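Engineer: Can you read through this structure? Questions will come right after.
The values are calculated or read from the model by the stated rules, or taken from the named source; none is laboratory data. This is a predicted model, so every value here is computed, not measured. Note that we place each Cβ from the backbone using ideal geometry, even for glycine, and neighbour counts take in every protein chain shown.
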């Protein structure tokens, strides 16, 4: 029985050793912590014109596998900025919309051949001076200093709700008693009412504190004035007659997030700092 017990114990011990060898966490740590290429880079500028190349300088080295190839990767972000202003009210009124969205996931843009001739003894690293391209299709699209308002172009560039939101926000200010003069200016300037007819829609009460009259729109005339306001086309609310221009602007531009990558012969990669570059 003792021999049987010893044999059983020995088999269990051997099985334990085999199990430890198969699931050895040290081996996993070694794989996770393996040497990858090291790299840093610097750009000639953080702005680049669409259709041109951007110059850069990169340094890299490895303590592990041999270097295989070099690449520049970047993602693409689309930025839209829209604004409209009402130029003939005493207060500053504008509606601005700024939207940024991912236009393309990060991908390889340029590849470069690694050469031992890139070695710099003083820096103790490989050094390359190169460029990468930026497509001409990424040039900004701008609409401003508008002399002739193009309704079709406006509908193409701006959200469907923009004009409605602009008019709604402006009305919420104009209907306040504080801005009755501006309300009148808007309706008179756009030809919806005369000064006399607007004043006929008003009433007043004496304010003891100010020792003056507070004017307000008569309750039974509010709907009438609001209807006249609603009749005003959006473009008339943004027209600045002194400049003969519509106070509206649109800009669609792009920016890229670029990295320099170094791959060794086992496809391990070292990735540089990511730089945001504005396309102009």
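Engineer: Mind checking which residues of segment 159-173 are within 21 Å of residue 88 (Cα to Cα), in contact (Cβ under 8 Å) with a residue 60 or more places away in the chain and touching a helix residue (DSSP H, G or I) at 6+ places or on another chain (Cβ under 9 Å)?
Structural biologist: 162, 163, 166, 167, 170, 173
Engineer: Next up: Give, as residue ranges, the strands (runs of 3 or more DSSP E) completely inside segment 24-134 that count at least 1 residues that are in contact with a helix residue (DSSP H, G or I) (Cβ under 9 Å, 6 or more places away or on another chain).
Structural biologist: 53-61, 67-85, 94-113, 125-133
Engineer: Of the conditions (1) in contact (Cβ under 8 Å) with a residue 12 or more places away in the chain; (2) surrounded by 14 or more Cβ atoms within 10 Å (Cβ to Cβ); (3) within 24 Å of residue 271 (Cβ to Cβ), residue 85 satisfies every one except a single condition; which number is it?
Structural biologist: All conditions are met except number (3).
Residue by residue, here is whether (1) surrounded by fewer than 17 Cβ atoms within 10 Å (Cβ to Cβ); (2) modelled with pLDDT under 95; (3) under 26 Å from residue 262 (Cβ atoms) holds:
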residue: 8; (1), (2), (3): yes, yes, no
residue: 18; (1), (2), (3): yes, yes, no
residue: 41; (1), (2), (3): no, no, yes
residue: 48; (1), (2), (3): no, no, yes
residue: 79; (1), (2), (3): no, no, no
residue: 89; (1), (2), (3): no, no, no
residue: 93; (1), (2), (3): no, no, no
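Engineer: So, in segment 178-197, how many residues would count as being under 20 Å from residue 223 (Cβ atoms) and touching a residue at least 40 places away in the same chain (Cβ under 8 Å)?
Structural biologist: Adding up the residues that qualify gives 7.
Engineer: Further, regarding this structure: Being loosely packed, with under 12 Cβ neighbours inside 10 Å, farther than 15 Å from residue 262 by Cβ and under 31 Å from the mean Cα position of the chain (by Cα) is the filter here, so list the residues in segment 105-140 that pass it.
Structural biologist: Answer for segment 105-140, where residues must be loosely packed, with under 12 Cβ neighbours inside 10 Å, farther than 15 Å from residue 262 by Cβ and under 31 Å from the mean Cα position of the chain (by Cα): 105, 107, 129, 136, 137.
Engineer: Another question about this same structure. Filter segment 142-158 for residues that are in a strand (DSSP E or B) and out of contact with any helix residue (DSSP H, G or I) (no Cβ under 8 Å at 6 or more places or on another chain); which is surrounded by the fewest Cβ atoms within 10 Å (Cβ to Cβ)?
Structural biologist: Selected residue: 142.
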